[in-house]
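Written below as structure tokens is the structure these notes are about.
No lab work stands behind these numbers, since they all come straight from the coordinates. Here the structure is a predicted model, which means the values were calculated and not measured. Here Cβ is always computed from backbone atoms with ideal geometry, including for glycine, and neighbour counts include all displayed protein chains.
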Amino acid sequence: MHVHIQNISPGDVAVELLVVGVFEGEPLTGSLKNLDTRLSGALSNAMGRKEFTGKWREQWGTATIDRVAPQRIVAVGLGQRNLFDRPRLRLAGGLCGQVARRLRSHNLAVILPDELPCSPADIAELLTDGLLVGYWRFDKYSSVAGEHPLAEITLLGVGEPGGEAAPGVQRGEITARAENLVREWGMRPANKLYPEILAQEAVRQGQAHGFSVDVFDENKLREMGMEAILGVGGGSAHPPRLVVMRYQGGGSRTLALVGKGITFDAGGISLKLPAGMEEMKFDMLGAGAVLGALGALADLKVPINVVGIVALAQNVPSGSAILPGDVIKAFNGKTIEVTNTDAEGRVVLADAVSYAAHLGVDWIVEASTLTGAAVVVLGHEATCLVATNDSLASLVLQAAESACERVWRLPIYPEYKRLYRSNTADLKNSPGREAGTITAGMIIAEFAGSVPYAHLDIAGTAWTPKSPLNGTKSGPTGVMVRTFVKLADMLSR
Ligand code: BES
Ligand code: ZN
Ligand code: MN
């Protein structure tokens, strides 16, 4: 799929589909007015009859029967101009993608109203990212797969090709490709994606984008003293892996991105209930976001060093599985009493995060589908942030805002510590329901040592039952790829 910029009148662009964005309650002006005139006022008449009002996400379409170069025009409502912001711009891109998918278009052009509250580069980036993410469908196992007719996307009204907006197109293409890759991994079921396979995917990403990849197998993990990841993965026929990726963008400082990669979470001996358990194939999306972000950072040549660490394991019950009450020692020597084998994410992350700290990195930012409680707190609308360091927390919040991904910070109070005290070990992994998302983050923070640490609980946002970017399709979102990229970019300056 190729995205390019053209500076010609929308009525003259030879495409199957032209999408025009229209604000609610605003008359058509400039190039849209011109287009409408060439169509004998078809759009303005529809607006006059209130057939199309420009309300947010509203759509109206017409064939152009050779009056203008585009064969079909679809107007999409952008809502009130004063409510329009960057997240809406990305969602508007998603709408364009959905329309193109529905109409099976081979090519499309997009034109938005003038004087949007962002730079041409920002418009190009958010539109491109939203469009490519909105268009994507998972069809790997479909017998009618490979039907991706959309080959050419033209952005109009953002200046000249090679101008100010061009780097935005490139950024949007790079992040969208990474997000869609993460989503594909998320969709793959546990029999097609287990730790060895995801580790292989990481190796392939390293080769494709130019970063180094080390895979620790079960023997190496034993040698390293990583009992935590070995314990969680011990019940499965598919052994666990810890993958360490290094992107050397330069400079003296290193950001560690860490991800939870449970390729299936049955709960282990503390078995989950059957209803909806199939969704737990998504429990590797933190790791997915880290893998995807590394490729994107390398493509964007962000001038910072990033080490990506993902802890891959399958959490299933068997005779070799970890038992409730078992005590294991993590990489940094701290012991964990596993009171609930279904609180496995924090256990594997104990090894991964303490390994990041051991590497002497400057910041650790970790993403995981960690707690059902995070879905209770913020639903599917925002990611929960638990951070030990205020300046890192504010950078993460800024990066998320710039990425159009919602993140909301929860507090750490020392009083919560008693909830995960253990009589047998340094701490227990399952404190119970009270402040469940916070205690989960605090437990992992115990393994970050003195390194500034931020935990992103993406349980509600990595997979959503309804995605505005994709119509109502449920599934993985690729969340945190864009936030990671923006954060690395900010830290590199
Ligand atoms: N992967 C789950 C969390 C999860 C739940 C993600 C729902 C997405 C949707 C995690 O491993 C888990 O099972 N957490 C437990 C922790 C509890 C036992 C302390 C939970 O949230 O119930
Ligand atoms: Zn889990
Ligand atoms: Mn679990």
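How would you classify the chain from its alpha-carbon gyration tensor, with a ≥ b ≥ c the square roots of the eigenvalues: rounded for a/c under 1.5, else prolate if a/b is greater than b/c, otherwise oblate?
Details: a/c = 2.18, a/b = 2.11, b/c = 1.04.
Prolate shape, in that a/c is at least 1.5 and a/b is the bigger ratio.
Based on DSSP H runs of at least 4 residues, each adding -39500 (n - 2.57), what is the mean residue ellipticity at 222 nm of the chain after dividing by all its residues, to the nearest 500 deg cm²/dmol? Mind showing how you got there, number by number?
Numbers: 14 runs with 172 residues, N = 493.
That comes out to -11000 deg cm²/dmol.
Just to be sure I understand: of the beta bridges DSSP finds with both ends in the chain, what percent are antiparallel, rounded to 5? Mind dumping the intermediate values first?
Numbers: 28 of 74 bridges.
Percentage antiparallel, nearest 5: 40.
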Simple SL model, points at 7 angstrom along Cα→Cβ for Val327 and Asn34; separation in nm is 7.8
For the chain, the longest principal axis of the Cα atoms and the Cα long axis of helix 390-403 enclose an angle in degrees, to the nearest 10, of 30
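Over the range 2-157, what is the percentage of antiparallel beta bridges among all DSSP beta bridges, to the nearest 5?
Working: 5 of 24 bridges.
Here the antiparallel bridges make up roughly 20 percent for the range 2-157.
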Net charge (Lys, Arg +1; Asp, Glu -1) of residues whose beta-carbon lies under 15 Å from that of Asp426, Asp426 excluded, is +2
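Please give the contour-minus-distance gain from Thr424 to His380: 0.36 nm per residue of separation, less the Cα-Cα distance, rounded to one decimal in nm. Display every interim value, and only then the final one.
Working: separation 44, 0.36 × 44 = 15.84 nm, distance 3.65 nm.
Fully extending the segment from Thr424 to His380 adds 12.2 nm.
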Whole-Hz Karplus couplings 3J(HN,Hα) for the range 371-379, θ = phi - 60° and coefficients 6.51, -1.76, 1.60, Gly and Pro as x, run 9, x, 4, 5, 6, 5, 5, 10, x
Of all DSSP beta bridges with both partners in the range 278-411, the antiparallel percent, nearest 5, is 50
To the nearest 10 degrees, the tilt of helix 120-135 (Cα long axis) against the first principal axis of the alpha carbons of the chain is 70
Across the range 188-491, qualifying lysine pairs (alpha carbons under 20 Å, at least 8 places apart or different chains) come out at 20
If R0 = 45 Å, then Ser474 and Glu160, at their Cβ-Cβ distance, give a FRET efficiency to the nearest 0.05 of 0.65
Quick note, the range 1-157: a/c under 1.5 would make it rounded; otherwise a/b > b/c is prolate and the rest oblate (a ≥ b ≥ c, C-alpha gyration tensor); here it is prolate
With the dipole of the range 188-491 defined by +1 on each Lys or Arg Cβ and -1 on each Asp or Glu Cβ, the option from Gly333, Ala343, Ala403 whose Cα lies farthest towards the positive pole is Ala403
In degrees, nearest 10, the alpha-carbon axis of helix 166-187 is tilted away from the dominant principal axis of the alpha carbons of the chain by 50
With a Förster distance of 30 angstrom and the Cβ-Cβ distance between Ser143 and Ile65, calculated FRET efficiency to the nearest 0.05 equals 0.25
